Amino acid sequence: MSEKKPFYITTPIYYPSAKLHIGHAYCTTIADAIARFKRLAGYDVFFLTGSDEHGLKIEQKAEAEGVKPIEYTDKIVASFQNLWRLLNISNDDFIRTTQERHIKVVQEIFRRIYAKGDIYKGEYKGLYCTPCESYWTEHQLDENGCCPDCHRPVQEVAEEAYFFKMSKYADRVLAYIEEHPDFIQPVSRRNEMINFIKQGLDDLCISRTSFDWGIPVPTDPKHVIYVWFDALTNYLTPIGYLDDPEKFQKYWPADLHLVGKEIVRFHSIIWPCILMALDLPLPKKVYGHGWLIVDGDKMSKSKGNVVDPIALIDEFGADPIRYFLLREINLGQDGNFSRDALIQRINSDLANDLGNLLHRTLNMTLKFQGGEVLAPQGESDVDKALKADAAETVRYFAENMEQMELSSTIKKVWAFISRTNKYIDETQPWALAKDPARKQELANVMYNLLESLRLISVMIAPFMPQTAERIWQQLNLPQAFADVQLADIEQWGGVPAGLHVGKPEQLFPRIEVK
Ligand code: MSP
């Protein structure tokens, strides 16, 4: 049995109602960077993403295309999986709500809560927004009487339905949120949720009879289970809720549900009520990240500003896009995507700062020392300062990544990259190389540069995994990159003397701006 501390992280499961855009890729990239960091820090990570395939909207789309809903979702879900592969997303499982393993869990949960008396049959009268799959009350509608989220018209519906007694759990959920300041983050979202519950929680309608594309209510199959009850439960399925108690014990409660800000409510109110009804502990954290805006505007088909991540990856590669998204946007806030800004970052931060540092360092090692790493001896004040900076950057990386401070961590690592470039200008290895009496000084400088690059390679791995590995390979380090741990960079001096470095290969070509 592994002694590693478990860490269970999830993204939302995405609707296969259309192709995914760069905003969805943003959400999954954040989760991936956190998962990769946690693995580096020695956690036993379980990282889940997936697809949320039921509901009226999907049924209608499939019908419009003249195919069965499952045929429709199979095709789109394959495109999700392809995108995650191209973006190097390191998820440990991919849950589809149409899978048998999930259907079993949803039906069993329905049975258990029903048996307890917390699900009852009643009549639903309400206003439903089909695109958002959400029910609204009159007073929640916007000023035009439309859906407060998407501002499209809502439909009045009345039908027999099953209800979940959320009202019974409202006080307990509120008390939980108030007693656990870290449960909902950032704090602005937490305050919104507290205000929301204080207005009172209605019981939740969890079944529909007006469409078929869903998981049938086990005892009453003319009803299908309403999407959020089905969707949220996905988090329990792959970690063995029904079939692997040991695994379940290990990973539940989840450490982090990472979600977009508009679905924090479902994760921090409805989901806790369901878990309480099941006598399960609540997730440790629900983090609501901001939205990705394109050139200052929200992405939408009608505006024609939807950015296709696959086309971007084709053009620029996955790592620059990951870098851009994680660096430019502060997690809790909305952030802007622009092609010009992306190209600017590629040219300045990636090609210039990082690419040149690696290229210059390897070239000089080849030219001045035949590619061999010579053992350092003694140190100058400039060397000391560089090493102190390196130690401070590694410490910052370890602490701030734990706090999900992705953007500020990247900036800190890039400050160290600039600092290391400056060290080359300060020490002028080309001048040292001309003077045989300063051979040791040169050896020290080259050593410090290579060691700095070793640390940099590890610290960029959560953000740019392919680039990190390419640097590692060009340095020709003997340790397998996949085995590297945070502890390996907490000490200076991991580059072994006697090593022969590899040939420099360009990491990022500069993009010519037309
Ligand atoms: N299926 C539900 C989630 C169920 S989780 C139990 C859903 N799906 S979604 O496909 O509409 O959205 C999935 C995630 O993508 C959400 O967290 C949402 O915030 C995120 N994003 C969608 N557009 C986005 C941006 N423009 N920017 C950032 N994230 C965005 O909701």
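A short reminder: the numbers here are calculations on the coordinates, not readings from a lab. Since the model is a prediction, treat every value here as computed from it, not as a measurement. Note that each Cβ is placed from the backbone with ideal geometry, even for glycine, and that neighbours are counted across all protein chains shown.
Computed quantities for the displayed model
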| quantity | calculated |
| --- | --- |
| For segment 58-104 and segment 113-163, distance of Cα centres in Å | 26 |
| Listed residue pairs exceeding 23 Å between alpha carbons, taken from Lys4/Lys411; Lys61/Lys125; Lys4/Lys285; Lys165/Lys261 | Lys4/Lys411; Lys61/Lys125; Lys165/Lys261 |
| Radius of gyration, Dmax [segment 90-207; alpha carbons; angstrom] | 17.0, 44 |
| Arg96 long-range amide H proximity, modeled H, under 5 Å | Ser51 |
| Two-decimal log10 I(q)/I(0) for segment 145-186, as the Debye equation yields it once each C-alpha is a single scatterer, q = 0.22 Å⁻¹ | -0.83 |
| Exposure proxy ranking, count of Cβ atoms within 10 Å, fewest first, for Val382, Val154 | Val382, Val154 |
| Cut-off 14 Å between beta-carbons: net charge of the residues surrounding Pro429, Lys and Arg +1, Asp and Glu -1 | +1 |
| Two-decimal Rg to Rh for segment 1-151 - Kirkwood Rh, Cα set | 1.03 |
| Simple label model, 7 Å out from Cα along Cβ direction - Arg360 to Asp308, nm | 4.0 |
| q = 0.15, 0.24 Å⁻¹, segment 20-100: log10 I(q)/I(0) [Debye, one scatterer per Cα] | -0.61, -1.14 |
| On Cα atoms only, tilt of 187-198 relative to the major axis of the chain in degrees | 10 |
| Relative contact order of segment 1-130, pairs being alpha-carbon contacts under 8 Å that are 6 or more residues apart, as % | 28 |
| Fewest-first sequence of His257, His21, His102, His500 by Cβ atoms within 10 Å of each Cβ | His500, His21, His102, His257 |
| Karplus (6.51, -1.76, 1.60) ³J(HN,Hα), θ = phi - 60°, over segment 110-118, in Hz, Gly and Pro reported as x | 4, 4, 5, 6, 5, 4, 6, x, 9 |
| Paired Rg and Dmax values of segment 159-215, which use every Cα atom, in angstrom | 14.9, 41 |
| Approximate spin-label separation Arg510-Gln60, in nm, with each point projected 7 Å along Cα-to-Cβ | 5.2 |
| Over the chain, relative contact order from alpha-carbon pairs under 8 Å, at least 6 apart, % | 16 |
| Phi-based couplings in Hz for segment 384-394 (Karplus 6.51, -1.76, 1.60; Gly and Pro marked x) | 4, 4, 4, 5, 5, 5, 4, 4, 5, 5, 5 |
| Pair Arg172, Ala115: separation of 7 Å Cα→Cβ label points (nm) | 1.7 |
| Under 5 Å, built H, 5+ apart or other chain: amide partners of Ile293 | Gly335, Asn336, Phe337 |
| Residues whose placed amide H lies under 5 Å from that of Val217, excluding near-sequence neighbours | His223, Val224, Ile225 |
| Radius ratio Rg over Rh of the chain, counting only Cα atoms, Kirkwood formula for Rh | 1.04 |
| In order through segment 475-485: 3J(HN,Hα) via Karplus (6.51 cos²θ - 1.76 cosθ + 1.60), integer Hz, x for Gly, Pro | 5, 6, 5, x, 5, 5, 4, 5, 8, 5, 10 |
| Sorted by Cβ neighbour density within 10 Å, fewest at the top, the residues Arg208, Arg39, Arg438 | Arg438, Arg39, Arg208 |
| Check: the chain dipole with +1 on Lys, Arg Cβ and -1 on Asp, Glu Cβ, in debye | 660 |
| Span from the segment 16-43 Cα centroid across to the segment 377-442 one, whole angstrom | 30 |
| Normalised per residue, the volume of the convex hull around the Cα set of segment 347-411 (Å³) | 119 |
